[in-house]
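**Student:** Here's a structure for you.
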Amino acid sequence: MTRVKFYDWKYSPFCMKVRAILDYKGVPYERVTPLGSTMLKLRRRGKTGKVPAVEIDGELIVDSTDIAYALDERFPDPPLLPTDARERGLCHALEDWADESLYFIGLYYRWFEAEGRKAIPAAFGQSLSGRALYWFYQRRILGQVRGQGTLRKSPQHVRRDLERHLDAIEGMLAARPYLLGDRPYLCDFALWGQLNYLNRTPVGGQAIRPDRRLGRTSCR
C-alpha cells in the first residue's frame, strides 16, 4: 500500500486545498504538524521550508499544485484535470488566479487588517519560540503582501478588489455547481481553499454572506 504523509498547517489555504483533494480522492494519509524541528527538516529536504508538503513512499513533494499533479498521477480516480484541452487551460488559469490573486486578499485581511490579525498569536502559542515564529512570519508575510502590491492600496481599494473577485466567482457559478461544470476539478479545490481561508477573517466572513451563492459552495 502506498504510504502518504501530509505535512499540514491547518490554517494555510494551500493546505486546505491539498487536504480537500486527499479527502476527495479517498487517499489515506498520516497528518504531521510541521512545527519546530519538523519544519527545519522540511527546509533541508524540500528547499523551500513551506507547507503543504506531501511524502509519497518516501518522495517529498512541495507546492500545492505539484502535489495535486503528483496525487492525480498516482491516484487517478476521480481525476483533478479535465480531458478537453481548452478546459484544461481554463482549469490552470483559474487555479493560478485563485492561488495568486485571492491569496493576497486573504493575507491582507488575516495579517494586516486589525480585527483579522487579533486571532493569529493564539495559533502560535505563548512560548518564546511561538512568539518568535509569529513575529518572523508577520514580517515575512506583510513584506510579501507589500511587494505584491495589495498592501500599497488603500483599505477602500482592497475592499473593492475583494467585492469584484466575489462577484466574478458568483457569476461563474451562476448556472453550475462548479467552475467548469458538474464536477470539481483542481481549480475548484484552489478556489475552495482560498474562500475558506478568507471566510475565517471578519471582513471576508461578512463579504461571503449567506445570500451569496458562493457562500454555500464546497468542493467536498
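The values are calculated or read from the model by the stated rules, or taken from the named source; none is laboratory data. Fair warning: this is a prediction, and the values are worked out from it, not measured in the lab. All Cβ positions, glycine included, derive from the backbone under ideal geometry; neighbour counts span all protein chains shown. Accessible surface is based on the protein model in full, side chains and every heavy atom, while ligands, DNA and RNA are left aside. Shrake-Rupley method; radii C 1.70, N 1.55, O 1.52, S 1.80 Å.
**Student:** With labels modelled as points extended 7 Å from the Cα through the Cβ direction, what inter-label distance (nm, one decimal) is found for K10 paired with A168?
**Tutor:** Label at K10, label at A168, 3.2 nm between them.
**Student:** Between K118 and R160, what's the calculated FRET efficiency when r is the beta-carbon distance and R0 is 22 Å? Round to 0.05.
**Tutor:** Taking R0 as 22 Å, the efficiency between K118 and R160 is 0.40.
**Student:** Can you list the HN-Hα couplings for segment 153-158, worked out from phi with the Karplus curve (6.51, -1.76, 1.60; θ = phi - 60°), rounded to whole Hz and with x for Gly and Pro?
**Tutor:** 8, 6, x, 5, 5, 4
**Student:** Over 5 Å intervals from 0, what percent of Cα-Cα pairs in segment 75-115 sits in each interval?
**Tutor:** The distribution over segment 75-115 is 5, 20, 15, 16, 14, 10, 9, 7, 3, given as percents.
**Student:** With every protein chain present, what is the per residue accessible area of the chain (1.4 Å probe, Å²)?
**Tutor:** 52 Å²
**Student:** Measure off 7 Å from each Cα along the Cα-to-Cβ vector at R146 and R74, then give the distance between these two points in nanometres to one decimal.
**Tutor:** 4.0 nm
**Student:** From the cross-link list K25/K50; K5/K118; K17/K118; K41/K153; K10/K118, which pairs have alpha carbons spaced over 28 Å apart?
**Tutor:** From K25/K50; K5/K118; K17/K118; K41/K153; K10/K118, over 28 Å: K5/K118; K41/K153.
**Student:** If you work out semi-axes √(5λ) of the Cα gyration tensor in Å from the coordinates, which of [x] 27, 21, 17; [y] 26, 26, 14; [z] 42, 17, 16 do you get?
**Tutor:** Checked against the structure: label [y].
**Student:** Given a 1.4 angstrom probe, I'd like the percentage of the accessible area of the chain that is carbon and sulfur, rounded to a whole number.
**Tutor:** Its accessible area is 52 percent carbon and sulfur atoms.
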